[in-house]
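What follows draws every value from the coordinates through simple rules; no lab data is involved. In this text the structure is predicted, and so the values were computed from the model without any measurement. With ideal geometry, Cβ positions are generated from the backbone for all residues, glycine too; neighbour counts draw on all protein chains shown.
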Amino acid sequence: MIIAFIILIILAAAASVYAYKKGDGSHIRGFRTAKNTFTNIAPLLLVAFILAGFMQVVIPPELIKTWLGEEAGLKGILIGSIGGALIPGGPYIAFPIIAAVFKAGAGLGTAVACVTGWALWGVITTMFELAIIGHRFTFLRLGLVLIFPPAAGIMANMFF
């Protein structure tokens, strides 16, 4: 995580210097936009981290291992795929929740299936897709990616 943090600092610093050198006040607008984004997302992050923390202490580890652990096999992968699809919001919500379940005992394949299900089957995203792009596109896309979350989980278990 420290490497990602350092890379983000370097990128932000480079963007700030570039915006400042433009001489049109872009750096001020950039910092204002960043502040507004942080103000809007901070409450979601806080709640997601609180939920992730409580998931680790409220859900019995035996329950997670039974339903989502390595020994759960295909059942755990399918639950992870569907569970991932049901997580609302962006990565700032999904990843803390998935990480909490993984740290609490979910298997690697289940966690991979969960992330892949969130990314490819996301219910909230699919609702927007239906409304904006249309049912023909949405059903075609879902049909094409239907096997990927479980397949990704199975492959993760096979290779790792």
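Taking Cα atoms, how many degrees apart are the long axis of helix 2-22 and the longest axis of the chain, rounded to 10 and kept between 0 and 90? For 2-22 against the chain, the angle is about 30 degrees. For the stretch 1-58, the share of alpha carbon pairs falling in successive 10 Å distance bins from zero is 20, 30, 32, 13, 5, 0 percent. Less than 15 Å Cβ to Cβ from residue 20, Lys/Arg counted +1 and Asp/Glu -1: what total charge do the surrounding residues give? Net local charge, residue 20 excluded: +3. Which of these, 49, 137, 148, has the largest mean-square fluctuation under a Gaussian network model of the chain (Cα springs below 10 Å)? Ranking 49, 137, 148 by mean-square fluctuation puts 137 first. Relative to the dominant Cα principal axis of the chain, helix 148-159 is inclined by about 80°. Largest mean-square fluctuation among 25, 90, 122, in a Gaussian network model of the chain whose springs join Cα atoms under 10 Å apart, belongs to 25. So how tilted is helix 26-58 from the main axis of the chain? Cα-based, degrees 0 to 90, rounded to 10. The helix 26-58 is inclined about 20 degrees to the chain.
Extension gain for residue 1 to residue 56 (0.36 nm times residue separation, less C-alpha to C-alpha distance): 17.8 nm.
Taking the Cβ-Cβ separation of residue 9 and residue 34 as r and a Förster radius of 22 Å, what is the calculated FRET efficiency to the nearest 0.05?
E(calc), rounded to 0.05, equals 0.95.
Rounded to the nearest 500, the helix-only mean residue ellipticity at 222 nm of the chain stands at -27500 deg cm²/dmol, with each DSSP H run of n ≥ 4 adding -39,500 (n - 2.57). Listed by chain and number, the lysines whose C-alpha is less than 24 Å from the C-alpha of residue 22, apart from same-chain residues fewer than 8 away, are 35. A simple spin-label model places pseudo-atoms 7 Å from Cα toward Cβ; at residue 145 and residue 158 they are separated by 2.2 nm. Computed over the chain, the range of Cα coordinates on each principal axis works out to 59, 42, 30 Å, biggest value leading.
Length available on full extension from residue 41 to residue 17: 0.36 nm per residue minus the Cα-Cα distance, which gives 6.2 nm. Computed 3J(HN,Hα) for the stretch 86-98, one whole-Hz value per residue from the Karplus formula 6.51 cos²θ - 1.76 cosθ + 1.60 where θ = phi - 60°, is 8, 6, x, x, x, x, 5, 9, 5, 5, x, 5, 5, glycine and proline marked x.
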